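A.B. asks: Please read through the structure below; I'll follow up with questions.
The values are calculated or read from the model by the stated rules, or taken from the named source; none is laboratory data. Everything quoted here is computed from the prediction, not taken from an experiment. Neighbour counts are summed over all protein chains in view; Cβ atoms, including those assigned to glycine, are modelled from backbone coordinates with ideal geometry.
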Amino acid sequence: MALTVGDVMVKNVIAVHSDQTVRHAALVMSAKEIGCLVVLEENRVVGIVTERDLIRRIIAARRDPDETFVSDIMSTPPVAAKPELVLEDAVKLMFVHRIKKLIVAQEEDEKKKLVGLVTLTDIARIEPALIETLKALFEASKEAPPKRMEKVMNYYIV
């Protein structure tokens, strides 16, 4: 039987609320030594903040992290998958959206409830052959992968 997102996802996901400051988010990421935070509003997933967001939307843009809220810099709408999604389909979803981190959520009352997070690196460690699938998708599209994805692909393709 094929592995699913739920089989490999991290279940203990750290989240912040959209009305918290970017400084708070950065301090949480630093303290927990993680590269992203899922963003919540009233216990529903509304976005994600990554290290890349902090660099591009705060540091490079010279914005004040004490005066800027997570909601101002988060990537939205969130790309999410259900835990039952087969890993190959998760890779295809990541390809379509050009992302390395996939939120895992369950629909409850038309709200996305956070249940986990899976990264392209997590998938590559468990099923390295799926990185070949990702490479084939980029070749078929005649598009170069984003550098952030290319690094993972090059590391895991022998």
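A.B. asks: Provide a single number: the residues in the stretch 19-43 that are over 17 Å from Glu107 (Cα atoms) and either within 16 Å of the chain's Cα centre (by Cα) or in a helix (DSSP H, G or I) (or both). Outline the logic, then answer.
C.D. replies: Restricting attention to the stretch 19-43, the residues satisfying the condition of being over 17 Å from Glu107 (Cα atoms) are 19-37.
Narrowing further to those that are either within 16 Å of the chain's Cα centre (by Cα) or in a helix (DSSP H, G or I) (or both): 22-37.
Looking only at that region, the number is 16.
A.B. asks: Would you pick out the residues in the stretch 103-129 that are among the aliphatic types (A, V, I, L, M), buried (at least 16 other Cβ atoms within 10 Å of the Cβ) and farther than 21 Å from Ala140 by Cβ?
C.D. replies: Of all residues in the stretch 103-129, those among the aliphatic types (A, V, I, L, M) come to 103-105, 114-115, 117-118, 120, 123-124, 126, 129.
Imposing the further condition that a residue be buried (at least 16 other Cβ atoms within 10 Å of the Cβ) reduces the set to 103-105, 114-115, 117-118, 120, 123-124.
Hits for the stretch 103-129 are Ile103, Val104, Ala105, Leu114, Val115, Leu117, Val118.
A.B. asks: Please go through the stretch 41-59 and pick out each residue that is surrounded by fewer than 19 Cβ atoms within 10 Å (Cβ to Cβ), touching a residue at least 40 places away in the same chain (Cβ under 8 Å) and under 16 Å from Lys101 (Cβ atoms).
C.D. replies: Correct list: Arg52 only.
A.B. asks: Could you grab me the full set of residues in the stretch 8-25 that are touching a residue at least 60 places away in the same chain (Cβ under 8 Å) and loosely packed, with under 15 Cβ neighbours inside 10 Å?
C.D. replies: Restricting attention to the stretch 8-25, the residues satisfying the condition of being touching a residue at least 60 places away in the same chain (Cβ under 8 Å) are 8-11, 13, 15.
Answer for the stretch 8-25, where residues must be touching a residue at least 60 places away in the same chain (Cβ under 8 Å) and loosely packed, with under 15 Cβ neighbours inside 10 Å: Val10, Lys11.
A.B. asks: Taking helices (runs of 4 or more DSSP H) that fall entirely within the stretch 63-158, which contain at least 1 residues that are under 15 Å from the mean Cα position of the chain (by Cα) and more than 24 Å from Leu40 (Cβ to Cβ)? It would help to see each step written out before you state the result.
C.D. replies: Values: elements: 70-73, 87-97, 120-126, 129-141, 147-156.
Hits in the stretch 63-158: 87-97, 120-126, 147-156.
A.B. asks: State whether one or more residues within the stretch 60-83 are under 30 Å from Met1 (Cβ atoms), touching a residue at least 40 places away in the same chain (Cβ under 8 Å) and either among the acidic types (Asp, Glu) or surrounded by fewer than 18 Cβ atoms within 10 Å (Cβ to Cβ) (or both). Steps first, please.
C.D. replies: So the first thing to find is which residues in the stretch 60-83 are under 30 Å from Met1 (Cβ atoms), and the list is 78-83.
After this cut, where a residue has to be touching a residue at least 40 places away in the same chain (Cβ under 8 Å) as well, the list is 78, 81-83.
Subsequent filtering for residues that are either among the acidic types (Asp, Glu) or surrounded by fewer than 18 Cβ atoms within 10 Å (Cβ to Cβ) (or both) retains 82-83.
Taking every residue of the stretch 60-83 in turn, at least one turns out to be under 30 Å from Met1 (Cβ atoms), touching a residue at least 40 places away in the same chain (Cβ under 8 Å) and either among the acidic types (Asp, Glu) or surrounded by fewer than 18 Cβ atoms within 10 Å (Cβ to Cβ) (or both).
A.B. asks: Please state which one of Arg98, Arg57 is touching a helix residue (DSSP H, G or I) at 6+ places or on another chain (Cβ under 8 Å), modelled with pLDDT under 95 and closer than 20 Å to Arg148 by Cα. Explain how you work it out, then say what you get.
C.D. replies: Details: Arg57 fails: modelled with pLDDT under 95.
None of the other options fit; the residue is Arg98.
A.B. asks: Suppose we filter the stretch 110-133 for residues that are within 12 Å of Ala90 (Cβ to Cβ) and in contact with a Phe, Trp or Tyr (Cβ under 6 Å, 6 or more places away or on another chain); how many remain? Talk me through it step by step, then tell me what you get.
C.D. replies: Step one: filter the stretch 110-133 for residues within 12 Å of Ala90 (Cβ to Cβ), giving 116-120, 122-124, 126-127, 130, 133.
Adding the requirement that they be in contact with a Phe, Trp or Tyr (Cβ under 6 Å, 6 or more places away or on another chain) leaves 124.
Result for the stretch 110-133: 1.
A.B. asks: Follow-up. Kindly indicate which of Lys82, Lys101, Lys92 is among the charged types (D, E, K, R) and within 24 Å of Thr21 (Cα to Cα).
C.D. replies: Result: Lys101 is the single residue among Lys82, Lys101, Lys92 that is among the charged types (D, E, K, R) and within 24 Å of Thr21 (Cα to Cα).
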